[in-house]
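So the structure is just underneath, and the comments pick up after that.
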Amino acid sequence: MSYEEVFKKLQEKYTIEEIADAMMIPAELTEEEEQASREALRQLRLKLQRERTEAEKIYYDMLRLRFLIEDYLKEKAFSPEKTFGKYLAEYIHAIRKTKKSFSEDIGIHYTRLSRILHDKEEPNLALMYRLEKHSGQLIPAILWWKLMIRKQEHQIRKDEATRIAEGRKVKNALESQKPA
């Protein structure tokens, strides 16, 4: 059905003003007009981007990071490139702080922060709460926690050697049989 046919059907029920208020009717543009329209929109976006304050840039970068975290957590598989430490490094970059300054902001020693960033040490729940507070609640503690758990879940699923070694230390294990 063409736009004209749709418009005629709508005119049977609504006034032109009601249609205009309620609908977004696409313009049929020539290739040159469409190209010019795209370029004008691109120029406007660039202008708005240049006029952003530093606080707005930080806010938008933090929102972007939150959406990246949420998207990753929706995925089923663990990715070694998307660990807690990597996202925390991205957060520090987004807020335009040095690691030293950030470690002071959240009240942990710089070397501990470095170990967490390089996935040599697991963060605790207290750090999750601090990150939530530091981000102005924009990135909730539960998202940070789920990032850390994703890696641990992967380790539990894949580390058969440790499972066997630790299983050897168990005495009087229950047999998993269905009761009769």
Exercise. How about the range 125-135: which of its residues are exposed (fewer than 15 other Cβ atoms within 10 Å of the Cβ) and either over 20 Å from Ser101 (Cα atoms) or touching a residue at least 24 places away in the same chain (Cβ under 8 Å) (or both)?
Worked result: Leu125
Exercise. How about the range 56-74: which of its residues are under 11 Å from Ile139 (Cβ atoms) and surrounded by 14 or more Cβ atoms within 10 Å (Cβ to Cβ)?
Worked result: Met62, Leu65, Arg66, Ile69
For this session: Say whether the condition of being closer than 21 Å to Arg157 by Cβ and touching a helix residue (DSSP H, G or I) at 6+ places or on another chain (Cβ under 6 Å) is met by at least one residue in the range 102-115.
Result: no
Seminar exercise, completed: Of the residues in the range 122-180, those that are within 15 Å of Glu70 (Cβ to Cβ) and hydroxyl-bearing (Ser, Thr, Tyr) come to Ser135
Exercise. Taking the range 1-55, which residues are among the basic types (Lys, Arg), more than 30 Å from Ile92 (Cβ to Cβ) and either surrounded by 10 or more Cβ atoms within 10 Å (Cβ to Cβ) or touching a Lys or Arg at 6+ places or on another chain (Cβ under 8 Å) (or both)?
Worked result: Lys8, Lys9, Arg38, Arg42
Problem set entry | Contacts under 8 angstrom Cβ, first residue in the range 49-74 being part of a helix (DSSP H, G or I), partner of a type in the set (Gly, Ala, Ser) and surrounded by 13 or more Cβ atoms within 10 Å (Cβ to Cβ), 6 or more apart | Ile58/Ala94; Asp61/Ala94; Met62/Ala94; Met62/Ser135; Arg64/Ala94; Leu65/Ala94
Problem set entry | Residue, surrounded by the most Cβ atoms within 10 Å (Cβ to Cβ), within the range 137-180, restricted to residues that are closer than 28 Å to Asp119 by Cα and among the small types (Gly, Ala, Ser) | Ala141
Problem set entry | Any hit, the range 14-30, residues being closer than 30 Å to His154 by Cβ and either of a type outside the set (Asp, Glu) or without any contact (Cβ under 8 Å) to a residue 12 or more places away in the chain (or both) | no
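Can Thr111 be described as in contact (Cβ under 8 Å) with a residue 24 or more places away in the chain, among the polar types (S, T, N, Q) and more than 28 Å from Thr53 (Cα to Cα)?
Numbers: in contact (Cβ under 8 Å) with a residue 24 or more places away in the chain: no; among the polar types (S, T, N, Q): yes; more than 28 Å from Thr53 (Cα to Cα): yes.
Judged against the criteria, Thr111 is not a match.
Computed from the coordinates by the stated procedures, all read-outs in this text should not be read as laboratory data. Quantities reported herein were computed from a predicted structural model and do not represent experimental measurements. Backbone-built Cβ (ideal geometry, glycine too); neighbour counts: all protein chains shown.
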